[in-house]
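Working notes, beginning with the structure itself.
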Amino acid sequence: MSGSRRALLFDIDGTLADTDALHLEAFNQVFAPHGHVFDRDRASKELMGFSNISISERFLPGRSPERQAAIMAEKEEAFRKLASGQIKPLAGLMKLLALADRADVAMVAVTNAPRLNAEMMLSGLGIMQRFKAVIIGDELPHGKPHPLPYLEGLRAVSAAPGLSLAFEDSRSGVQSASAAGIATIGIRTSLGHGDLVAAGAVCTAETFDDPKLVGLVGKTMNW
């Protein structure tokens, strides 16, 4: 049950750090032998923000569930190798997290990425301890774009959707957070303003130090 607290809820990949190019490289390494090669535009429409289960069902339909899971695990291992030591926070992120800490605003990570990836990313950025919960879409009955991951994020910290904000870079992520009743800021690492707003974002920004984003967060969080 949601409560009366304020919270900031963040997607991880492409939101806290711009990792889409690394994911694209890992997908192409592993999926090319299976007949699928992606460019950035196709990846942003068909891969980024989707759960591994939905990706494997779509692109590996002839394989058993066990084989699908093994291929996806291979892709994630390739990503972790590529990303090791390469993860840098998006501009303005650390300042925003410090402000939230000082104001005692709860922070939650909400992702369709596997837990190993999520924890590697948060640890690599040095911010794991700032997050009260890490919600993994594939560990729930429904991942993004279903609202359940964000509803779980709110529940984990007893936060109210109307007092909270979400940050997302993918269509499925924006749809998930918006459907949970959370005003969502689109981060333009892979999609443009129009695509993010069409998915339900209330505004968009390139980085966390964008004046429009800073103003909206300050107003919503009362700081």
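Sorted largest first, the spans of the alpha carbon positions of the range 26-120 along the three principal axes are 51, 24, 23 Å. Viscosity 1.567 mPa s, temperature 4 °C: what is the translational diffusion coefficient of the range 1-45 from Stokes-Einstein with a Kirkwood Rh over Cα pairs, rounded to a whole number of µm²/s? In µm²/s, the coefficient is 101. Pairwise Cα distances in the chain exceed 26 Å for 30 percent of all pairs. Working note: Karplus 6.51/-1.76/1.60 with θ = phi - 60° gives the range 17-27 the couplings 8, 8, 10, 4, 5, 5, 4, 4, 4, 5, 4 Hz, where Gly and Pro are set to x. Put simply, the C-alpha atoms of the range 86-217 give a gyration tensor, and the ellipsoid matching it has half-axes of 19, 19, 16 Å, longest first. If R0 is 22 Å, the Cβ-Cβ spacing of ARG102 and ASP209 corresponds to a FRET efficiency of close to 0.85. Working from Cα pairs under 8 Å separated by at least six residues, relative contact order for the chain is 27 percent. Segment ALA69..ARG40, full-extension length gain: 8.1 nm, with 0.36 nm per residue of separation and the alpha-carbon distance subtracted. Comparing GLY85, GLY192, GLY14 in a Gaussian network model of the chain, where Cα atoms under 10 Å apart are tied by springs, the biggest mean-square fluctuation is seen for GLY85. Nearest 500 deg cm²/dmol is fine: what mean residue ellipticity at 222 nm does the chain get from its DSSP H runs of n ≥ 4 alone, each adding -39,500 (n - 2.57), divided by its residue count? Only helices count here, giving -13500 deg cm²/dmol.
Bear in mind these aren't lab numbers, they're just calculated from the coordinates by the rules spelled out. Predicted, not measured: the structure shown is a model, and the values here were computed from it. Neighbour counts run over all protein chains shown; Cβ positions are idealised from the backbone, glycine included.
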